[in-house]
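Novice: Please read through the structure below; I'll follow up with questions.
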Amino acid sequence: MAQAFVNSKIQPGKVVVFIKPICPYCRKTQELLSQLPFKEGLLEFVNITATSDTNEIQDYLQQLTGARTVLRVFTGKECIGGCTNLVSMYERGELLTHLKQIGALK
């Protein structure tokens, strides 16, 4: 169930962020990404606590990415990490370039 759920969210050209609403890093990531000019439907925040499979989702994310912690940011099928990785990419000017390359931005 968790594997199918996660895999259904991760799609080419789309940015998906698996979050827990109480996490301050999740909120920071949401604020940063929400300011960018994404095409309609190509940015999704997935609250994993809204499901009864939270632990199973985190277990599967660990299999996929090597880290069980949430938040996990996927650009297309690639996991770029968490908040620190995202902010670092943004500050180096790499994030916008990457998001344009996958076709997620207007």
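Novice: Here is a check on your reading of the model: is Tyr90 at pLDDT 95 or above and more than 21 Å from Leu105 (Cα to Cα)?
Specialist: No.
Novice: Also, quick follow-up: Scan Gly66, Gly93, Gly103 and give me the residue that is in contact (Cβ under 8 Å) with a residue 24 or more places away in the chain and among the small types (Gly, Ala, Ser).
Specialist: Of Gly66, Gly93, Gly103, the one residue that is in contact (Cβ under 8 Å) with a residue 24 or more places away in the chain and among the small types (Gly, Ala, Ser) is Gly103.
Novice: Quick test for you: out of Ala2, Ala50, Ala67, pick the one residue that is touching a helix residue (DSSP H, G or I) at 6+ places or on another chain (Cβ under 6 Å) and not β-branched (Val, Ile, Thr).
Specialist: Answer to the check: Ala2.
Novice: Looking only at segment 61-106, filter to residues that are polar (S, T, N, Q) and not in a helix (DSSP H, G or I); which one of those is farthest from Val17 (Cα to Cα)? First the steps, then the outcome.
Specialist: Taking segment 61-106 first, the residues polar (S, T, N, Q) are 62-63, 65, 69, 75, 84-85, 88, 97, 101.
When the remaining residues are screened for being not in a helix (DSSP H, G or I), the result is 69, 75.
Values: Thr69: 12, Thr75: 9 Å.
Here the answer is Thr69.
Novice: Any residue at all in segment 52-75 that's surrounded by 15 or more Cβ atoms within 10 Å (Cβ to Cβ), touching a Gly at 6+ places or on another chain (Cβ under 6 Å) and not β-branched (Val, Ile, Thr)?
Specialist: yes
Novice: Considering each residue of segment 10-30, count those that are over 16 Å from Leu105 (Cα atoms) and either free of Cβ contacts under 8 Å to residues at least 12 places away in the same chain or surrounded by fewer than 15 Cβ atoms within 10 Å (Cβ to Cβ) (or both), and give that number.
Specialist: Within segment 10-30, residues that are over 16 Å from Leu105 (Cα atoms) and either free of Cβ contacts under 8 Å to residues at least 12 places away in the same chain or surrounded by fewer than 15 Cβ atoms within 10 Å (Cβ to Cβ) (or both) number 4.
The values are calculated or read from the model by the stated rules, or taken from the named source; none is laboratory data. Here the structure is a predicted model, which means the values were calculated and not measured. Note that each Cβ is placed from the backbone with ideal geometry, even for glycine, and that neighbours are counted across all protein chains shown.
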